[in-house]
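Each value in this text was obtained by applying a stated rule to the coordinates, not by laboratory testing. In this text, all values refer to a predicted model and were calculated from it rather than measured experimentally. Note: ideal-geometry Cβ built from the backbone for every residue, glycine included; neighbour counts use all protein chains shown.
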Amino acid sequence: MTMETHCSLHVQDEQLGFWNTLWVMLLDIYVVLTGPEKRAVRMALWLAFFDQGCASTAIINYAPQVLEMAGIRDYSDATLWSSAITAAKVCLKHCTSTV
């Protein structure tokens, strides 16, 4: 299917059925994954997968406050320690998954 045909599907019928909408959506994904921005999209998908896999978002969001409550006085120090905890968690996850 050419790009012109693909684009005409968007404007041809405003009330597409489920299967037509699914087809257009899958074509949009294909165009993005094979277009000039394919490297950026793939990297974003890998980063999202990695982020979910090691729960780094929760660590990054809450560790500085927890570390401050544990006695670290400066927020920047707590952020630095939070980064160290994240790195240790990634290393630990990698080491345990290869065994």
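Counting neighbouring beta carbons within 10 Å and listing from fewest to most, the residues 95, 54 come out as 95, 54. Distance between the pseudo-spin-label points of residue 28 and residue 89 (7 Å out from Cα toward the beta carbon): 3.3 nm. Once the Cβ-Cβ distance of residue 58 and residue 19 is raised to the sixth power relative to R0 = 41 Å, the FRET efficiency obtained is 0.60. Of the residues 40, 58, 78, the one whose Cα sits farthest towards the positive end of the charge dipole of segment 26-93 is 40 (charges of +1 on Lys and Arg Cβ, -1 on Asp and Glu Cβ, taken about the Cα centre). Ranked by the mean number of other Cβ atoms within 10 Å of their residues, highest first, the peptides 29-40, 71-82 come out as 71-82, 29-40.
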